[in-house]
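Here's the structure we're looking at; comments come further down.
The values are calculated or read from the model by the stated rules, or taken from the named source; none is laboratory data. For clarity, every value in this text was computed on a predicted model and none was experimentally measured. Cβ atoms come from the backbone with ideal geometry, glycine included; neighbour counts cover every protein chain shown.
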Amino acid sequence: MVEKMSLLNTIGNTPLVKVNGVWVKLEYSNPSGSIKDRMARYIIEKAEKTGKLKKGYHVVEATTGNTGISFAMVCALKGYKCVIVMPKGMSHERKQIMQAFGARVIETHENCVKCAVQKTLSFKKKAFLPRQFENPWNPIEHEKHLGTEILQGVKKIDAFIAGVGTGGTLVGVGKAIRKKFPSAQLIAVEPSECPLLSENKYAKHVLHGLHKGFTCKKHGIEGIGDGFIPKIIEQNRDLIDDVITIKTKDAIRVCNFLAKKGFLVGPSSGANFLGALKLKKKFSNVVTLFPDRGSRYLSEKIFD
């Protein structure tokens, strides 16, 4: 008999190490293999406490993969049925892992995360929708826990850099860091092929929507650059100091470099680390994170 709560209690308190002078939180060390375990557990438990999630309900979420895996694991532990809606074109391993946890996976139009989000809205009866792109519990979790862990491990922080998917990590951790280090720079990372924040001159500016004729092209940094600006970022636009764009090929190149150093991580980790190395030219104390494991991208042949 598995002690259900014992596995949930292993979420968080991940290792914090220095790699080439950059402080890195190894979020792939969470039990399902990604940072999203933190949010999934927190949102499910908050929903239970507030009566939004009850016995017999389905948990229905849109995701490119990692969030779906995390919710599938938490639901398996807690006895909820889980429905994951995701765009076609994501790594095959992600879909397989969700299904292994017992989740039902529904695929929508290729590379269209917004299509997946819209599809979840059709589930109305006995369904709880976490809605990660707009749920305030997402950044609150990162501020309370991940941010606190980073501050306990790093004495001085000049800059924190993270890829933007939902924006929960950058906003939540950023708020925690700013309370202790008000002048710390908060930097967003996005794919060069989908520079939504950059094209809108987003950092420290008011968002006015997409430039006319702008299109978000397909890219290979799964988990960030989903083709729209999430509500969590819109509501915290003044928090971001700058945006760094990273090409898919460069993120993958850095993934291979990190693998040879012992860190088998996914493309978003490569993007975060490359962005952090750029910041190291200007700042002494830079913090980032490796969000997920590289093993869920093996079918995409990103490793040499």
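Some notes on this structure:
- Of all residues making up segment 6-47, the number that are without any contact (Cβ under 8 Å) to a residue 12 or more places away in the chain and either touching a helix residue (DSSP H, G or I) at 6+ places or on another chain (Cβ under 8 Å) or closer than 21 Å to Gly163 by Cβ (or both): 2
- All conditions in (1) in the same structural domain as Pro230 (by TED's automatic domain parsing); (2) surrounded by 23 or more Cβ atoms within 10 Å (Cβ to Cβ); (3) on the phi < 0 side of the Ramachandran plot hold for Asn138, with the sole exception of (1).
- Among the criteria (1) buried (at least 23 other Cβ atoms within 10 Å of the Cβ); (2) in a loop (DSSP other than H, G, I, E, B), the one Phe228 does not fulfil is (1).
- Taking (1) more than 19 Å from Lys278 (Cβ to Cβ); (2) out of contact with any Phe, Trp or Tyr (no Cβ under 8 Å at 6 or more places or on another chain) in turn, Phe160 satisfies each apart from (1).
- Within segment 143-166, at least one residue is among the hydroxyl-bearing types (Ser, Thr, Tyr) and either outside any helix (DSSP H, G or I) or crowded, with 24+ Cβ neighbours inside 10 Å (or both).
- Total residues in segment 56-75, condition under 10 Å from Met86 (Cβ atoms), surrounded by fewer than 24 Cβ atoms within 10 Å (Cβ to Cβ) and in contact with a Lys or Arg (Cβ under 6 Å, 6 or more places away or on another chain): 0
- Among the strands (runs of 3 or more DSSP E) confined to segment 1-115, there are none with at least 3 residues that are of a type in the set (D, E, K, R).
- Meets criteria (at pLDDT 95 or above, assigned by TED's automatic domain parsing to the domain that holds Ala188 and assigned to a loop (DSSP other than H, G, I, E, B)) for Ser269: no
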